[in-house]
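No lab work stands behind these numbers, since they all come straight from the coordinates. Fair warning: this is a prediction, and the values are worked out from it, not measured in the lab. Glycine also receives a Cβ, built like all others from the backbone with ideal geometry; neighbour counts cover every protein chain displayed.
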Amino acid sequence: MIKFFRQIRQNMIHQNRTKKYLLYAIGEIILVVIGILIALQINNWNSNKQELKVLNGYLHNIAENIKTDKINLKRIKSFRDSSIIGSRFFIEMMDTAPVDLEDARVYFSKYLKYSPLFKEKFKSNLSGFESLKNSGFLPRIQDSKIETELFKYYSLVSDINDEEGELNDLMKEMVYDLYKNNVMQELNILRRKITLSQLNHEEVERLNANLSHPSFFASNSRNRGANYLIKLYDELEETGTVIINEINLRSND
């Protein structure tokens, strides 16, 4: 093709057709420019397509992280629900003095394993979101629904960590006080005996005294009002569902 155009140019020069030659030269330049622009456009298109593929990869990782979070949320929410119910049962049980032994038996067998003294907490997988932030691709989803929901989601994760941390720090102090005063050690012994209905009068008095210990009572009193954590878990789960749906829609475009 280049050889063909060169031949035409040489023929025009030999025939002294300067005007036509200039027009031809301009046309040739325009064709070259158009070719370059088309090549650049194709290159940009390929580059954008590759960048979109990489971005969707980051978003896919975030979606997988959120799916894992949903499993962890289900576990921690189940624990919190049972723990709050158990603490409410405990407070109601302690309204009678001495403690009804059948109520104490139910508490130990059904609710003690959900004691707020066990410092459970939700752990979110942040790896996908951190990778996206460090990749430089975050501006590609700026002002989109995905960006809004992502920042809402991980802001909720931070709120949950703060609230759980505050609650667990308090429980840590309670546990220390209970062990320091030998309350937990005695309750473990009495728990086994009450299950077998083997408590004597002195042990019943010790049971009442240990259950009434300020730290044991305060931990359950504080925990029975922890419904705000359940609300945060629910909001996080709903936001996570929105994000996954948005990422799936983006991948299918």
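Worth pointing out:
- With both labels modelled 7 Å from their Cα along Cα-to-Cβ, the K231 to K180 distance reads 3.4 nm.
- Peptide ranges 164-174, 136-146, 61-71 listed from the most packed, as the mean C-beta count within 10 angstrom indicates: 61-71, 164-174, 136-146
- Listed residues I189, N134, Y176: farthest to the positive end of the dipole of the range 132-241 (Cβ charges): I189
- Centre separation in Å (Cα based) which lies between the range 153-175 and the range 70-135: 13
- Computed lengthening from E163 to L101, 0.36 nm per intervening residue step minus Cα-Cα distance: 18.9 nm
- Placing R0 at 30 angstrom, the Cβ-Cβ distance between K121 and E238 gives a FRET efficiency of 0.90 after rounding to 0.05.
- The modelled label-to-label distance for the pair I34/S197, using points 7 Å beyond Cα in the direction of Cβ, is 10.0 nm.
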